[in-house]
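The values are calculated or read from the model by the stated rules, or taken from the named source; none is laboratory data. As the structure is a prediction and not an experimental result, all values here were calculated from the model. Here the Cβ is made from the backbone with ideal geometry for all residues, glycine too, and neighbour counts use every protein chain on show. Calculation scope for accessible area: heavy atoms of the full protein, side chains included, ligands and nucleic acids excluded. Shrake-Rupley method; radii C 1.70, N 1.55, O 1.52, S 1.80 Å.
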Amino acid sequence: MKTDIILAGVGGQGILTIAAVIGFASLHEKLFIKQSEVHGMSQRGGAVQSHLRISSDPVSSDLIPLGRASLILSVEPMEALRYLPYLSKDGWVITSVVPFVNISDYPDMTMIENSIIKIANHILLDAEKVAKECGSPKSSNIVMLGAASGHVDLSFEALRKGVEMVFGRKGQDMVDANLRALDAGKTFSR
Amino acid sequence: MRQIYLKTIVGKKNYGYFCDGQHNLGCLFNSIKEIMGQLVLLGAEAIAQGALDAGMSGIYAYPGTPSTEITEYVQRNKYARDNGIRSSWSANEKTALESALGMSYAGKKSMVCMKHVGLNVAADGFLNSAITGAGGGFIVTVADDPSMHSSQNEQDSRFYADFALLPVFEPSSQQEAYDMVFSAFTLSEKFGIPVMMRITTRLSHSRASITTLSPRSQNALKLPEDPRQFVLLPSIARKRYKMLLGIQNQLITESDKSGYNSFEPGTDHSLGIIACGIACNYVKENFPGGLPYPMLKICQYPAPEELIRKMAVECKTILVLEEGYPLLESKLKGLLNNTNLTIKGRLDGTLPRDGELTPDIVGLALGCKVALGPDIPEFLANRPPSMCKGCGHIDTFLALKEAISEFGGDRTFSDIGCYTLAALPPLDAVNSCVDMGASITMAKGAADAGLIPAVAFIGDSTFTHSGMTGLLDAINEDSPITVIISDNETTGMTGGQTSAAFGKLEGICRGLGVPEEHLKIITPLKKNQEPNVDVISRELKHPGISVIISRRECIQTAIKRKKEEKSRKTEP
Ligand SMILES: Cc1ncc(C[n+]2csc(CCOP(=O)(O)OP(=O)(O)O)c2C)c(N)n1
């Protein structure tokens, strides 16, 4: 088994937390991982991405080759488009539609949505709304992971374990809030 | 055509701008060990863990992407704290390297870490340490940044090692990064020389599982047998240099025998591949079913000549893949002394001359198909990093812009730090960023040429890194420059490390000789704009040296500090 995922977003949106949950979940399932990340822009409103490679065999390259990602998981709609050349032919684009506007030339939202809809396999959702509705307003990122849970080649149980491990040290309340977000995301995309 | 396209999309995602910083997940992943008995580490962290397990007594460094995480890992490591492993930040790379050399003189294993341009600052000590040699194992770890994700250039540190006649370990995986620290300490102590560990951004910032080795103990204090070993008077230096030259062949033999260098035979001899460091991963990525061509993986230098000759016997066309400048590629012809060979790589255009390698660039060079996904829509906007909302640098720049407007002209020499982002709109406020400390000295030179007044804009950490000596030059000639030290009380750009300047700036300026009446302190806040413009205007008109310290805590550091204070209060 081999899954290549590109995580995308803007600094501060929690994509590295998604990476950590998937990372823990993969280790739980005794898989090999390599996860390369772009450090640094996180505090400065820059684009942030992470290449996450999960495999039953050792992984060679830290970077995903172009056209090989089976999933682009983005917490921001424009950022989902930035990595399209990495998407494989039958790959999925799963993104939140809530724009993060910190630049003056942010493109028109309908153009962005139209471009995403052109990709055969896509899921668009308002992660903020889903997060609020399930009572975990700060967990949009985990809602997105839940929405993508059917496309990461890991059992839902392993992802739940990952959430427990990542949020465990912050207390049971945080674990519960994020498990709710994970479930809500999954329910939405079903 | 396709290659150019590849380059542009690959380039499109990089807006790097001396950024570094937040890797709070590091701690999270590091805790996997407790939870799952596994270590999942960044390449940088693997080096740190390797150094701790190999019995290092101290690490010395000045922050810089992509090297910062090595030292930070040691700083937060419990074993390191409990065992007094020395790890706080140094004022700059030169002081760091020299301190690490001092620890090695005293017989203990030490490491110094820096980003590639930091080695320029430490180059004098580095090259001369090759002549003095080492006592305890001494590793110089340098993290290069091809593609300049967060740097001013993409220089390749292997050239420095080649120049200094010292061996290099260049890991191709997180596991090798860990293992090589053991090997590097061993090699350093076997030959009594410094050894370089070279990584690049991708490996430094990518995580994978690591298997650890059984730990080694620290060395006891032990002085050099020859009390003059480290005294580089010409008569001694000449002898030591001959000794260094004398061991070169042995170092080549070490490389030929090294487990990190390997010759993998192939069935198709129309091409031979020499892949250095992480480049060999990209080759393997392109041939999941097995590589038809012979491949020589090189991760330890000096280049293994025996293995390279073997390749030249088997293949008449050799492709050299290097994550960096074409070092080996340019040496190959001379080394093999054979004009019948065709050498391909960055010099003949098979690979781009600049930038980091990717699986796709390597794939193209090997004739593999790239399965490009959909195009990026034309309308996509860049999202360049910017200074944080509420940052004190912004208020300082706004005051400076207003005060300087009466003089006009581009006369603000700046430096390296978050404030360099003021070069971009909307501030458009600085005219230079060259190397740490250059703001003050360039302003001085421009003033010497008649650009009066000239302004230097420098951060607190950069000032103590390399600004102080330049300020002394300007003071000694009472140069008509205004130096603004924008003091956010931290090393902001690299993620908020403690600044060596903290609490010391006024004292340093006074001590160097800044006249009391031209040493001003202001607080950069919107409400102070008017008085601040006033202070700057007056100092700009002063026909001699002035220093304005504009001080307000970095808002990121402030947020972090308040969070920590709060959690300390709530903890029982
Ligand atoms: C020789 C060298 N060492 C390290 C760096 C990495 N670096 C870039 S900016 C920076 C921090 C500067 O801190 P400071 O001057 O206090 O400015 P701030 O970012 O806090 O505004 C560092 C360490 C570099 N570019 N060059």
In the range B:398-410, which residue that is open to solvent by 30 Å² or more (accessible area, probe 1.4 Å) and assigned to a helix (DSSP H, G or I) is nearest to residue B:487 (Cα to Cα)?
B:398
Out of the range B:411-434, which residues are β-branched (Val, Ile, Thr), within 23 Å of the chain's Cα centre (by Cα) and not in a loop (DSSP other than H, G, I, E, B)?
B:420
Considering B:454, B:449, which residue is in contact with a helix residue (DSSP H, G or I) (Cβ under 7 Å, 6 or more places away or on another chain) and more than 16 Å from the ligand (Cβ to nearest atom)?
B:454
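May I ask you to list the residues in the range B:465-482 that are within 13 Å of the ligand (Cβ to nearest atom) and buried (at least 22 other Cβ atoms within 10 Å of the Cβ)? Even if it seems obvious, please write down each step before you answer.
Here is the first cut: in the range B:465-482, the residues within 13 Å of the ligand (Cβ to nearest atom) are B:465-468.
Selection gives B:465, B:466, B:467.
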Tally the residues that are surrounded by 18 or more Cβ atoms within 10 Å (Cβ to Cβ), within 9 Å of chain B (Cβ to nearest Cβ) and either within 19 Å of residue A:12 (Cα to Cα) or touching a strand residue (DSSP E or B) at 6+ places or on another chain (Cβ under 9 Å) (or both), restricting the search to the range A:94-118.
1
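Quick one: which helices (runs of 4 or more DSSP H) sit completely within the range A:94-182 and have at least 1 residues that are at pLDDT 95 or above and hydroxyl-bearing (Ser, Thr, Tyr)? Before you say what the answer is, go through the steps one by one.
Values: elements: A:109-117, A:127-133, A:140-148, A:156-167.
Helices (runs of 4 or more DSSP H) meeting the threshold: A:109-117, A:140-148.
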So for the range B:497-504 (the condition being in a loop (DSSP other than H, G, I, E, B), closer than 24 Å to residue B:119 by Cα, within 13 Å of the ligand (Cβ to nearest atom) and within 14 Å of chain A (Cβ to nearest Cβ)), does at least one residue qualify?
no
Take the residues of the range B:126-148 that are more than 30 Å from residue B:226 (Cβ to Cβ) and either among the β-branched types (Val, Ile, Thr) or open to solvent by 30 Å² or more (accessible area, probe 1.4 Å) (or both): which is nearest to the ligand (Cβ to nearest atom)?
B:148
The correct count of residues that are facing chain B (nearest Cβ under 7 Å), within 19 Å of residue A:128 (Cβ to Cβ) and small (Gly, Ala, Ser) in the range A:1-52 is 1
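In the list B:247, B:278, which residue meets the criterion of being within 14 Å of chain A (Cβ to nearest Cβ) and either surrounded by fewer than 24 Cβ atoms within 10 Å (Cβ to Cβ) or under 26 Å from residue B:194 (Cβ atoms) (or both)? Working first, answer last.
Details: B:247 fails: within 14 Å of chain A (Cβ to nearest Cβ).
Just a single option satisfies the conditions, and that option is B:278.
In this structure, is residue B:161 more than 13 Å from the ligand (Cβ to nearest atom), touching a helix residue (DSSP H, G or I) at 6+ places or on another chain (Cβ under 7 Å), open to solvent by less than 10 Å² (accessible area, probe 1.4 Å) and in contact (Cβ under 8 Å) with a residue 60 or more places away in the chain? Steps first, answer last, please.
Details: more than 13 Å from the ligand (Cβ to nearest atom): yes; touching a helix residue (DSSP H, G or I) at 6+ places or on another chain (Cβ under 7 Å): no; open to solvent by less than 10 Å² (accessible area, probe 1.4 Å): yes; in contact (Cβ under 8 Å) with a residue 60 or more places away in the chain: yes.
No; evaluated as a whole, the condition is false for this residue.
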Counted residues, the range A:68-93 - those being in a helix (DSSP H, G or I) and surrounded by fewer than 24 Cβ atoms within 10 Å (Cβ to Cβ):
2
